[in-house]
Structures are given as C-alpha cells and as structure tokens.
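FYI, it's all coordinate maths here, none of it is from the lab. None of the values given here were measured: they were computed from a predicted structure. Virtual Cβ from ideal backbone geometry, glycine too; neighbours counted across all protein chains shown.
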Amino acid sequence: MIKLMKGNEALAEAAIRVGADAYFGYPITPQSEVLEYLAREAGERTGMVVLQAESEVASINMVYGAAGTGKKVWTSSSSPGISLMQEGISYIASAELPCLIVNVQRGGPGLGTIQPAQSDYFQTVKGGGHGDYKMIVLAPASVQEMSDFVKLSFELAFKYRNPVMILTDGALGQMMEKVEFFPQQERSTEILEWSTVGKPDDRDANVITSLHIKPDKMEEINIHLQAKYKLIEENEILYEEIMCEDADYIITAFGLVARICTKAAELAREKGLKVGVFRPISLFPFPYEQIMSHTSRIKGILDVEMNAGQMIEDVKLSVEGKVPVEFHGRMGGIVPSPDEILEALENYIAGGKL
Amino acid sequence: MSFEMVETKVFEKTKSLLDTEMHYCPGCGHGTAHRLIAEVIDEMDIVEDTIGVAPVGCSVFAYNYLGMDFSQAAHGRASAVATGIKRVLPDKYVFSYQGDGDLAAIGTGETIHTCNRGENILIIFINNGIYGMTGGQMAPTTLPNMKSTTSPFGRDTKDMGYPLKITELIAELPGTYYVTRQSVHKPLNVRRTKKAIQKGFEYQKLNKGTCFVEIVSNCPSNWKMTPVESNDWMDEHMLAYYPLGDIKVPNPKEA
C-alpha cells in the first residue's frame with residue numbers, strides 16, 4: 001500500500017502495523033501528530049494502548065513498566081521532552097528492556113525553537129542519562145525509512161533486549177512523501193520468560209530492576225552490557241554510500257541532511273568535482289571502519305550537520321588523522337541548502353584545508 | 001484409654017513472604033506491612049496474577065521479601081510504572097508500594113495523575129514523616145517542629161512549608177475509589193490494615209478506580225527512639241495530624 005504521508009504519521013502507522021501493544025506520550029511540537037494519529041487510528045484497528053501521560057517523565061516510566069511485561073512498547077517526543085526522559089532511558093538500558101523511543105529533534109539548547117535540528121547527537125549516541133549504557137540509534141532520511149525503521153527497531157530491541165532510538169528531526173516529521181507500508185502484523189501473545197506478568201508456581205519471581213547494591217554484582221552487570229554492545233557493533237552497522245566509488249571528496253551526513261548533501265554532490269559533479277556522500281544510518285553502532293576504508297583514495301571529508309559539529313567527532317575518530325575533516329553546520333533550526341554546502345566545500349578546497 | 005497430643009498451629013509464615021533476613025531496622029513497620037500484603041495475596045491465591053512495583057527508599061528491596069513478579073521503579077515514578085503494567089495487562093492485579101518522599105515529594109505529579117485517571121491499581125503509601133534510607137532528612141510529611149537532619153531545629157512551616165496531607169488530597173479526585181489511612185503499630189490496627197489491603201486488591205476487579213491505602217508508620221532509627229517509644233510518639237503526634245480511618249469509601253449502592 002502506497003500513501004502520501006507526513007513522517008510523523010508514518011511512524012504512527014508503522015507502529016500500528018508492526019503490532020505495537022502500547023504507546024505512552026506527551027504532546028510536543030514538532031511531533032504531536034504521532035499521538036494524534038494513534039489516538040484516531042490505533043485503538044480500533046489493533047487495540048494498541050494509547051495513553052497521553054502527564055509528562056515525558058511519566059511516559060518513559062510507563063514505557064519502563066509496560067516494556068517489563070515483554071510487550072512491544074514505544075514513545076516519541078522532541079528534544080526538550082527527550083531530555084526529561086534521560087533518567088528513565090538509563091533505567092531501561094540497565095534493566096535491559098526492549099522498547100522504541102523516537103526523537104523528532106528541534107533546535108536547542110533550552111526551549112529553543114520548533115524548527116528542525118540535529119543537536120541531540122551527543123545526547124543520543126554518547127549517553128544522555130547516567131551510567132555506561134548505549135541505545136541502538138537509527139537515523140532515517142526519508143518518510144519511507146521512518147516507517148521501515150519502526151519495524152527494524154522493534155526487531156533489534158527484542159533481539160538484544162535494548163532500547164532503540166530513532167533519531168530524526170522536525171523537517172522529516174513534518175514533510176510529506178510517498179511511503180509504501182509493510183502488511184499488518186498480528187500483535188504477539190508470546191510470554192517472554194524474563195517478563196513480569198505474574199509468577200506461576202513453577203518458576204522464580206521475575207524482577208525488573210537496575211539496582212545491584214553490591215559493587216561486584218554491579219560490575220558484572222556492566223561487563224555483560226558492554227559485551228552486548230560489542231556484539232551489536234559487530235553485527236548491526238548500517239550505512240549508505242552514494243557516488244563514493246570514484247569520489248575525491250566525501251561528505252558525511254546523517255538523516256535528512258544526507259539527502260541535501262547528495263544534491264550538493266550532484267551539483268559538484270556537474271562542475272567536474274568528484275564528490276560522494278557517506279551516510280551513517282546506525283549512529284550506534286557507528287560505521288568507523290567503513291568510513292576509514294575510503295581514506296586511501298580520497299583527499300578529504302566535509303562533515304555537514306544541523307548542529308555545531310557533533311557527529312564530526314566520530315568521523316574524525318574513524319579516519320585516524322589520515323585525511324582532513326572539515327565541518328559545515330547550521331544551528332537553531334536552519335536547514336542548509338545544497339548550494340551553501342557546495343560553496344563550503346569549494347572554499348575549504350580553495351583554502352587548502354581539504 | 002490412649003492419649004493423643006494435638007498440635008494446633010496458631011501462626012504460620014505465609015508462602016509469599018520469603019524466608020530471608022530483612023534489612024529493615026528493628027521495630028520498623030515495613031516488615032509488618034510486607035507480611036500483610038503477602039498474606040492477602042496468598043489468601044486470595046493471586047500470586048500468579050499479581051505484579052508489584054517497588055519504589056526508591058527504604059522499601060526499594062521489597063522484591064527481596066515478597067516472592068512475586070516485581071518492577072523496581074525510579075524515584076517517584078512507581079505509579080507511572082504501575083500504570084504502564086496495568087494498561088497492557090488489565091486483567092492482572094497491580095500494586096505499588098511507596099514511601100512519603102517517593103509518593104508525596106518527587107512523585108507527587110505521578111501520584112495525582114495516576115489517581116486522577118483512576119488507574120485500577122492499589123497504591124500502598126507508607127508515611128513515617130522522614131527519609132529513612134538517606135538517613136533522616138525532612139520528608140513532605142514531616143510534622144511541624146519535628147526535627148530531622150535537614151530541619152535540625154524543627155520544621156519551621158514558615159520556611160519549609162507544611163506537612164502534605166496527600167491522602168486527603170487524592171481522595172478529592174473522582175478517579176479514586178477507596179482511600180483509607182491505617183497503621184500497623186497495634187494488633188487491632190494490623191487487622192484493620194490487612195482488611196484495607198484486601199479491599200484494595202478485591203476492588204481492582206471492579207474497574208472502578210484507584211485504591212489508596214496509607215499506612216502511618218514509625219522510624220525508630222531516624223526518630224532516634226526505641227521501637228516502643230516510637231510507637232507511642234506516633235500515637236501522640238503523627239496520628240493527631242494524620243487521623244486514622246476511611247477517607248473515601250465506595251458508594252454502598254455500588255460496592
């Protein structure tokens with residue numbers, strides 16, 4: 001089924017189709033369409049629980065409780081609301097609960113703006129809450145991927161018993177595109193062995209907790225988590241390479257910005273400058289080696305983001321100083337144009353930086 | 001004529017109260033409150049259908065003593081966690097067990113909104129007027145002039161505000177179905193509290209709203225009293241401010 005739809009609505013439609021059991025959320029621009037769409041559609045079609053909580057603090061803790069029963073549970077918000085959820089995300093990661101959290105980012109810091117931004121990269125990828133934990137992070141670049149990644153997120157969340165975040169932005173949330181949906185899936189009735197659903201006589205009590213007061217036990221939990229994250233790094237890296245084979249320069253960008261950069265690369269090629277685009281899709285795990293693999297051929301990298309330069313730190317770690325990495329970014333809700341990206345690239349080349 | 005010895009068991013530890021040492025201080029009311037919950041659940045035979053939510057505070061380890069499925073919540077969020085569980089498992093019994101700091105300070109928002117939505121859960125609220133686990137700081141329910149480590153000269157209501165009667169407050173909300181205040185410091189009160197907890201579980205099946213059982217309790221260690229002294233002090237001071245009894249009972253036509 002192909003539909004013309006907003007990115008936010010595609011998230012909601014995909015969650016209905018994947019058979020999600022519950023959504024707990026709180027309205028915030030620019031993602032309120034998620035809750036609105038679910039409130040209209042979900043209950044009747046699949047019986048998904050849709051509850052408007054009193055705050056993002058409450059909604060992430062409702063997710064914690066419901067995810068502990070082994071159900072498919074999710075929430076969404078935008079940057080300030082996601083900041084409020086950080087404590088809960090840390091608990092969820094520690095208790096190893098599968099769930100999906102969507103951040104439709106807006107410009108900050110503070111109350112900021114309701115326009116799109118990518119300035120929550122550090123918070124998302126480097127751990128915005130306390131303690132050593134990782135979420136699996138996926139960055140869609142189209143309304144189609146907003147849908148596809150909901151399905152993928154739940155698969156990964158349950159495969160690893162780990163929270164997954166879709167990191168997107170207000171532009172992708174609000175823009176309409178064609179999207180082809182996967183068929184409706186049945187809601188699962190499977191009872192997972194670790195879940196808190198009531199203790200039958202023939203098993204011990206299941207306890208969802210992140211509290212391990214004895215340090216040797218807490219270290220053991222941490223070692224287990226780190227081993228899991230390593231496994232995720234080995235198996236779940238996703239990325240897209242566009243016109244990279246013969247490129248002299250590569251632009252690195254994630255999410256919607258990568259599409260703008262693709263246009264910039266096409267404009268560059270019209271002028272005889274061989275430019276490609278490398279788009280990390282999974283931001284954790286990050287495609288360090290895949291970016292590194294281009295360094296023997298290219299002259300340099302321009303990293304483009306809607307922030308002050310966040311993913312660029314991982315790009316620099318990837319190339320280990322083998323090629324120069326420069327940055328072009330816009331902040332505060334400004335989306336860069338293909339022309340300005342190309343101009344930035346040309347200026348860096350003319351100035352001998354790339 | 002033969003003579004037979006007959007042993008009559010007058011007391012037995014209920015099955016769901018695990019046979020383990022509790023970390024609670026001697027004389028603390030938590031142990032009794034835990035036992036009552038376990039007894040009610042066992043007598044109703046609903047372990048298989050019950051999920052508890054533990055708070056942050058002295059009773060954070062409630063799941064080590066109650067042999068049933070449990071979710072340990074972030075500080076103040078137990079009723080939100082319980083909401084999440086109950087919404088996806090509406091046929092199960094769900095209860096949260098929370099102290100005064102958890103329920104009436106950091107978690108006030110969750111408490112009020114959970115009750116206002118009328119979530120079909122039981123909230124058990126232990127009010128001893130002090131922060132136990134962190135070592136005797138002022139609680140939202142600390143009495144006027146009562147000393148704590150953060151109100152060393154006594155709670156000055158002008159500076160520090162008034163003890164929060166959250167139970168009376170939530171009883172005003174249409175989402176609550178049964179709201180009562182009890183204690184476990186005397187045998188009669190223990191029996192009444194057990195009855196209240198039992199109602200809190202039984203009413204969940206009616207889907208009529210939130211049940212809320214406050215248990216006014218003691219804290220000998222942080223009140224710096226012997227257990228007996230603490231119970232006397234509780235009788236005289238705590239119960240004067242927090243009077244025992246039902247605050248909201250179901251409409252007799254419905255119940």
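Descriptive notes on the structure:
- Taking every C-alpha pair closer than 8 Å and separated by at least 6 residues, the mean separation divided by the residue count of chain B gives a relative contact order of 18 percent.
- Compactness of the range A:240-350, taken as the C-alpha radius of gyration over 2.2 N^0.38 Å, stands at 0.94.
- Of A:SER79, A:SER188, A:SER94, the one that fluctuates the most in a GNM where chain A has Cα springs shorter than 10 Å: A:SER188
- Spin-label pair A:GLU234/A:ARG45, simplified geometry with 7 Å Cα→Cβ offset, distance in nm: 3.8
- By other beta-carbon atoms within 10 Å, ranking B:THR142, A:THR168 with the fewest at the front produces B:THR142, A:THR168.
- Once backbone amide H atoms are built at 1.01 Å from N, B:VAL53 has B:SER71, B:PHE95, B:SER96, B:TYR97 as its partners under 5 Å, excluding neighbours fewer than 5 places away on the same chain.
- FRET efficiency, B:TYR162 to B:LEU239 (Cβ-Cβ, R0 25 Å, nearest 0.05): 0.90
- Spherically averaged projected area of the convex hull of Cα atoms, the range A:138-202: 6.1 nm².
- Counting DSSP beta bridges with both ends in the protein assembly as shown, the antiparallel % (nearest 5): 25
- Descending by average beta-carbon neighbour count within 10 Å, the peptides B:54-65, A:205-216, A:27-38 line up as B:54-65, A:27-38, A:205-216, the highest first.
- Using the Karplus relation 6.51 cos²θ - 1.76 cosθ + 1.60 with θ = phi - 60°, the per-residue 3J(HN,Hα) values for the range B:69-78 come to 5, 9, 10, 9, 8, 5, 4, x, 9, 4 Hz, with x marking Gly and Pro.
- Cβ-Cβ distance of A:ARG187 and A:GLU340, R₀ of 60 Å, FRET efficiency by 1/(1 + (r/R0)^6): the value works out to about 0.80.
- Residues with amide H under 5 Å from that of A:CYS244, placed H, sequence gap 5 or more: A:VAL277
- Prolate/oblate/rounded label for the range A:84-163 (Cα gyration tensor, a/c 1.5): oblate
- Estimated from helical segments only, the mean residue ellipticity of chain B at 222 nm is -8500 deg cm²/dmol, where each DSSP H run of four or more residues counts as -39500 (n - 2.57).
- For A:GLY351, the shell of other residues with beta-carbons less than 13 Å away shows a net charge of -2, using +1 for Lys and Arg and -1 for Asp and Glu.
- Packing around the peptides B:151-159, A:329-337, taken as the average count of other Cβ atoms within 10 Å per residue, puts them in this order, highest first: A:329-337, B:151-159.
- Peptide-level mean, for A:197-207, of C-beta atoms on other protein chains within 10 Å: 6
- Radius 9 Å from Cβ of A:GLN105, net charge of other residues (Lys, Arg +1; Asp, Glu -1): -1
- Base-10 log of normalised Debye intensity for chain A (one unit scatterer per alpha-carbon) at q = 0.10, 0.11 Å⁻¹: -0.61, -0.73
- Antiparallel %, DSSP beta bridges [both residues in the range A:240-350], to 5: 20
- Which of B:TYR242, A:TYR121, B:TYR97, A:TYR239 has the fewest Cβ neighbours within 10 Å, and the rest in rising order: A:TYR239, B:TYR242, A:TYR121, B:TYR97
- Within a Gaussian network of chain B (alpha carbon springs, distance under 10 Å), most fluctuating of B:PHE70, B:PHE11, B:PHE125: B:PHE11
- Long-range amide H partners of B:ILE215 with built H, under 5 Å: B:PHE125, B:ILE126, B:ASN127, B:GLN182
- Summary value for the range A:87-192: 36 percent relative contact order, contacts being C-alpha pairs under 8 angstrom separated by 6+ residues.
- Spatial separation of Cα centroids for the range B:178-202 and the range B:84-161, in angstrom: 18
- Residue of A:ILE251, A:ILE223, A:ILE237 that the Gaussian network model of chain A assigns the largest fluctuation, springs spanning Cα pairs under 10 Å: A:ILE223
- The range A:1-71-the range B:43-81 distance, computed between alpha-carbon centres (Å): 26
- Within-13-Å neighbourhood charge of A:ILE2 [Cβ basis; K, R +1; D, E -1]: -1
- Global form of chain B, assessed from the alpha-carbon gyration tensor, a/c cut-off 1.5: oblate
- Bridges between two residues of the range B:1-104, per DSSP, are antiparallel at a rate of about 10%.
- Packing-based order for B:26-36, B:103-113, A:43-53, using average beta carbon neighbours within 10 Å, highest first: B:103-113, B:26-36, A:43-53
- Mean partner shielding of peptide A:208-220, defined as the number of other chain Cβ atoms within 10 Å of each residue Cβ, is 2.
- Taken residue by residue and averaged, Cβ atoms of other chains lying within 10 Å of the Cβ of A:137-150 number 0.
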